[in-house]
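Structure, as structure tokens:
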Amino acid sequence: MKKIFALTLLFSLAPVLKSQNLTLTSPDRNLVLQITNNQKLEYSVSFKDRTIVNPSMLGFEFRDEPPLAGNFTVTDSKTGTFDETWIPVVKSKHAEVRNNYNELKILLKEKSDPCRLLEMEARAYNDGIAFRFRLPRAAKPGDRQIVKELTTFSIPGDPKAWVVEYGGYSSSNEAEFMEQPLSYVNEKTIAGMPFLMDYGNNCWLAITEAKIDNYPAFYIGTKGTTGQLTTKLVPIPGEAENGVKARFNDEVWTPWRVLMTGDNPGVLIESEIIQNLNDPCAIKDPSWIKPGMSAWDHWWHGEVKMEMPVIKKYIDLASEMGWPYMLVDWQWYGKFNSPEADITKWAPQINMPEIISYAASKNVDILVWLYCTDVNRNSAYKTAFPVYRQWGIKGVKIDFMDRDDQQMVNWYLDIIKCAAENHLTVDFHGAYKPDGIIRTWPNMITREGLMGNEYYKFSGKMSPEHNIKLAFTRMLAGQMDYTPGAFLNVTREQFKQQVPAIVWNTRAAELSKFVIYESPLTVVCDHPDNILGQPGSDFLKLVPTTWDDIKFLGGYPGEWIALAKRSGDKWYIGVMNNSKAKTVEIKLDFLLPGNYKAETWTDTKNSDKEAKELKKTSTTLKTPGTLKITMAKNGGYVAVIGR
């Protein structure tokens with residue numbers, strides 16, 4: 001492991017200076033962050049000599065305090081360079097992650113009463129800019145109360161933007177990212193993260209955040225001026241939108257405000273900036289954390305049947321497929337979301353020890369679903385999690401939080417820590433976006449926070465275009481439990497909402513989700529009878545859920561995407577198409593020169609009409625070279641390549 005760290009004091013600026021400008025550049029010098037401290041504290045960003053963020057305001061407003069936004073002097077500033085390679089416990093994208101940035105730390109003090117301090121820390125990576133603030137205690141003991149974070153993003157021009165709106169601050173973060181001109185965003189908009197923009201001429205930017213701790217998540221809107229994107233913090237429950245967003249009686253660090261940047265969207269998909277902005281693993285011995293695939297007894301055969309024969313059938317599926325897990329979903333402990341619920345007792349019609357024992361005999365471990373109120377009521381999780389460890393349960397799926405205010409952010413961390421103490425992985429549903437916490441707490445192995453496969457059952461919102469956009473937008477933040485694996489594939493014309501649920505993309509497209517989507521715990525949605533022995537089921541026995549490397553091969557949000565991911569000495573290619581048939585050509589330059597064997601699962605000439613049809617082929621490839629891939633409408637392609 002290589003670790004290089006340098007931190008040098010460059011200068012200490014005298015408070016008499018009227019203008020104090022500080023500059024930070026990325027290691028490759030393509031990204032430049034400019035901090036300007038005049039009457040107001042502002043920043044701007046350029047990428048390859050092109051301004052991507054015009055001068056934009058920074059600061060805070062409080063209850064019972066004047067705004068903290070200007071009239072500063074820089075009392076100290078330090079720059080440094082950091083370069084390390086670290087090994088993730090859970091390999092979401094890479095077996096090794098390089099963490100290389102230049103750093104600027106600034107200490108600001110108000111020139112006049114009340115003479116408050118504000119510390120700013122900024123980092124410039126080759127694939128993004130990030131900054132955050134430290135707010136110390138106030139003069140009066142007790143809570144400081146933030147009512148507004150003044151961070152703005154002044155975007156030049158009117159670039160394309162992919163805007164997701166959840167209808168407010170309290171939601172499960174499940175909606176489609178819609179392509180809009182940036183001018184679509186207004187003062188009423190509450191847009192979720194990541195917020196992707198295409199400036200044209202090989203310039204892409206995505207706004208998101210990392211390391212959220214004791215602070216609310218943020219959304220994007222404006223004050224009414226086009227392109228002047230504002231930070232909208234989630235209010236504390238019971239507070240109005242203009243009320244208190246965060247309370248703290250000790251110093252607090254804000255989350256990192258992250259500007260992911262690249263000359264193509266693949267740079268953002270490949271980026272590890274979000275994890276790099278989080279702390280190293282906090283678990284002393286994380287060797288018990290095991291990624292993998294899981295069978296699931298809920299959505300795809302209709303409403304859950306909490307019966308022993310059904311549960312055993314799904315365990316048998318996991319065993320036959322070589323998957324390590326089976327997820328027992330809701331109703332396993334009977335009444336839920338109720339004062340009568342007891343998450344340490346199983347429903348009368350099932351026998352949890354028998355389930356766990358039967359699964360163990362099949363080399364399968366059990367995960368269990370929980371309703372968040374049942375977890376929290378009377379601190380039930382503090383009793384239940386040790387019990388689960390004693391039983392042999394390996395993880396929990398916790399559902400229906402539907403919030404990302406300061407209180408809920410802190411609740412997540414409480415749950416994750418307690419789960420880690422009891423060797424349980426965590427999969428949050430009804431969840432907010434990831435923030436890179438998987439680096440620090442790798443048992444936080446996946447989460448929902450997206451409109452996934454379950455929506456085919458009860459909604460007409462799903463589409464191939466949406467599925468493609470997820471990889472360019474929501475997935476930039478990290479892991480997403482989409483629950484792929486729907487094998488009842490139909491055309492758009494044949495689609496209807498029904499039980500058992502059907503999906504309108506081809507079988508090859510469904511397989512591609514297992515390569516493209518990032519989820520170290522991948523929960524497979526369909527019924528055993530729809531998977532076992534069916535075309536493509538052999539691929540689900542092969543495909544990993546963690547990866548040693550990732551390469552973007554091409555695509556555009558809503559049109560198509562192609563990714564290559566390596567596991568060991570094999571490369572897996574996943575390509576997903578929208579609702580227009582097309583042929584794409586991808587470069588094989590991620591492979592060393594030579595001859596390779598490839599197994600492919602592709603659309604057939606008839607897949608436009610019979611979406612379940614799948615063609616498996618063994619072939620040879622020679623590199624350097626290219627690969628032409630023809631896909632049906634709503635189609636896809638997967639391949640496994642090795643020597």
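Summary table below
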quantity	calculated
Subset of segment 35-84 (residues that are hydrophobic (A, V, I, L, M, F, W, C) and open to solvent by less than 10 Å² (accessible area, probe 1.4 Å))	ILE35, LEU41, VAL45, ILE52, VAL53, LEU58, PHE60, LEU68, ALA69, PHE72, VAL74
In segment 226-244, residue least open to solvent (accessible area, probe 1.4 Å) [restricted to those that are small (Gly, Ala, Ser) and farther than 30 Å from ASP158 by Cα]	GLY243
Test: residue in segment 372-381 that is without any contact (Cβ under 8 Å) to a residue 60 or more places away in the chain, surrounded by 22 or more Cβ atoms within 10 Å (Cβ to Cβ) and either outside any helix (DSSP H, G or I) or charged (D, E, K, R) (or both)	yes
Filtered residue count, segment 454-494, keeping only those that are at pLDDT 95 or above, farther than 15 Å from MET178 by Cβ and either hydrophobic (A, V, I, L, M, F, W, C) or in a loop (DSSP other than H, G, I, E, B) (or both)	20
Residue within segment 535-542 that is charged (D, E, K, R), surrounded by fewer than 24 Cβ atoms within 10 Å (Cβ to Cβ) and over 20 Å from the mean Cα position of the chain (by Cα) present	yes
Cβ pairs under 7 Å, 6+ apart, first in segment 556-578 and crowded, with 22+ Cβ neighbours inside 10 Å, second of a type in the set (Asp, Glu) and assigned to a loop (DSSP other than H, G, I, E, B)	ASN578/GLU559
Any hit, segment 390-398, residues being within 27 Å of ASN505 (Cα to Cα) and of a type outside the set (S, T, N, Q)	no
Number of the condition not met by ILE87 [criteria: (1) of a type outside the set (Phe, Trp, Tyr); (2) at pLDDT 95 or above; (3) farther than 30 Å from PHE552 by Cα; (4) open to solvent by 40 Å² or more (accessible area, probe 1.4 Å)]	(3)
Residue within segment 578-587 that is of a type outside the set (D, E, K, R), over 30 Å from ALA477 (Cα atoms), out of contact with any His (no Cβ under 8 Å at 6 or more places or on another chain) and assigned to a strand (DSSP E or B) present	no
Given (1) in a helix (DSSP H, G or I); (2) open to solvent by 10 Å² or more (accessible area, probe 1.4 Å); (3) in contact (Cβ under 8 Å) with a residue 24 or more places away in the chain, number of the condition GLN390 does not satisfy	(3)
Residue in segment 276-297 that is on the phi > 0 side of the Ramachandran plot and in contact with a strand residue (DSSP E or B) (Cβ under 7 Å, 6 or more places away or on another chain) present	yes
Number of positions in segment 624-643 that are open to solvent by less than 20 Å² (accessible area, probe 1.4 Å) and not hydroxyl-bearing (Ser, Thr, Tyr)	11
Residues within segment 312-326 that are out of contact with any strand residue (DSSP E or B) (no Cβ under 6 Å at 6 or more places or on another chain) and closer than 21 Å to ALA347 by Cα, tallied	2
Qualifying position, being more than 30 Å from ILE87 (Cβ to Cβ) and without any contact (Cβ under 8 Å) to a residue 24 or more places away in the chain, among TRP346, TRP330	TRP346
The listed residue being farther than 29 Å from GLY554 by Cα and touching a residue at least 12 places away in the same chain (Cβ under 8 Å), out of ILE289, ILE274	ILE289
Qualifying residue in segment 330-351 (condition: outside any loop (DSSP other than H, G, I, E, B), within 20 Å of PHE385 (Cα to Cα) and either at pLDDT 95 or above or of a type outside the set (S, T, N, Q) (or both))	no
Residue in segment 419-442 that is surrounded by the most Cβ atoms within 10 Å (Cβ to Cβ), counting only those that are within 21 Å of LYS382 (Cβ to Cβ) and among the charged types (D, E, K, R)	ASP427
Residue within segment 278-285 that is out of contact with any Phe, Trp or Tyr (no Cβ under 9 Å at 6 or more places or on another chain), in contact (Cβ under 8 Å) with a residue 12 or more places away in the chain and part of a strand (DSSP E or B) present	no
Test for THR619: is it surrounded by 15 or more Cβ atoms within 10 Å (Cβ to Cβ) and either of a type outside the set (Asp, Glu) or within 30 Å of the chain's Cα centre (by Cα) (or both)	no
Residue among ASP414, ASP402 that is open to solvent by 10 Å² or more (accessible area, probe 1.4 Å) and on the phi > 0 side of the Ramachandran plot	ASP402
Condition met for THR506 (of a type in the set (Ser, Thr, Tyr), in contact (Cβ under 8 Å) with a residue 40 or more places away in the chain and surrounded by 24 or more Cβ atoms within 10 Å (Cβ to Cβ))	yes
Meets criteria (closer than 25 Å to GLY167 by Cα and touching a residue at least 24 places away in the same chain (Cβ under 8 Å)) for VAL252	no
Residues of segment 311-341 that turn out to be surrounded by 15 or more Cβ atoms within 10 Å (Cβ to Cβ) and touching a helix residue (DSSP H, G or I) at 6+ places or on another chain (Cβ under 9 Å), as a count	21
Counted residues, segment 245-270 - those being among the small types (Gly, Ala, Ser) and open to solvent by 10 Å² or more (accessible area, probe 1.4 Å)	0
Leading residue by the ranking (farthest from ASN577 (Cα to Cα)) among those in segment 617-626 that are touching an Asp or Glu at 6+ places or on another chain (Cβ under 7 Å) and assigned to a strand (DSSP E or B)	SER618
Any hit, segment 134-148, residues being within 27 Å of TYR199 (Cα to Cα), of a type outside the set (S, T, N, Q) and either touching a strand residue (DSSP E or B) at 6+ places or on another chain (Cβ under 6 Å) or surrounded by 20 or more Cβ atoms within 10 Å (Cβ to Cβ) (or both)	no
Segment 495-535, residues that are in a helix (DSSP H, G or I) and either over 14 Å from MET321 (Cα atoms) or touching a Cys at 6+ places or on another chain (Cβ under 7 Å) (or both)	ARG507, ALA508, ALA509, GLU510, LEU511, SER512, LYS513, PHE514, VAL515, ILE516
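For every residue, the table says whether it meets (1) assigned to a strand (DSSP E or B); (2) aliphatic (A, V, I, L, M).
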| site | (1), (2) |
| --- | --- |
| LEU563 | yes, yes |
| ASP589 | no, no |
| LEU592 | no, yes |
| TYR596 | yes, no |
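The values are calculated or read from the model by the stated rules, or taken from the named source; none is laboratory data. From a predicted model like this one, the values you see are computed outputs, not experimental measurements. Ideal geometry is used to build each Cβ from the backbone, glycine not excepted, and the neighbour counts take in all protein chains shown. We work out accessible area using only protein heavy atoms, side chains counted, and drop any ligands, DNA or RNA first. Shrake-Rupley method; radii C 1.70, N 1.55, O 1.52, S 1.80 Å.
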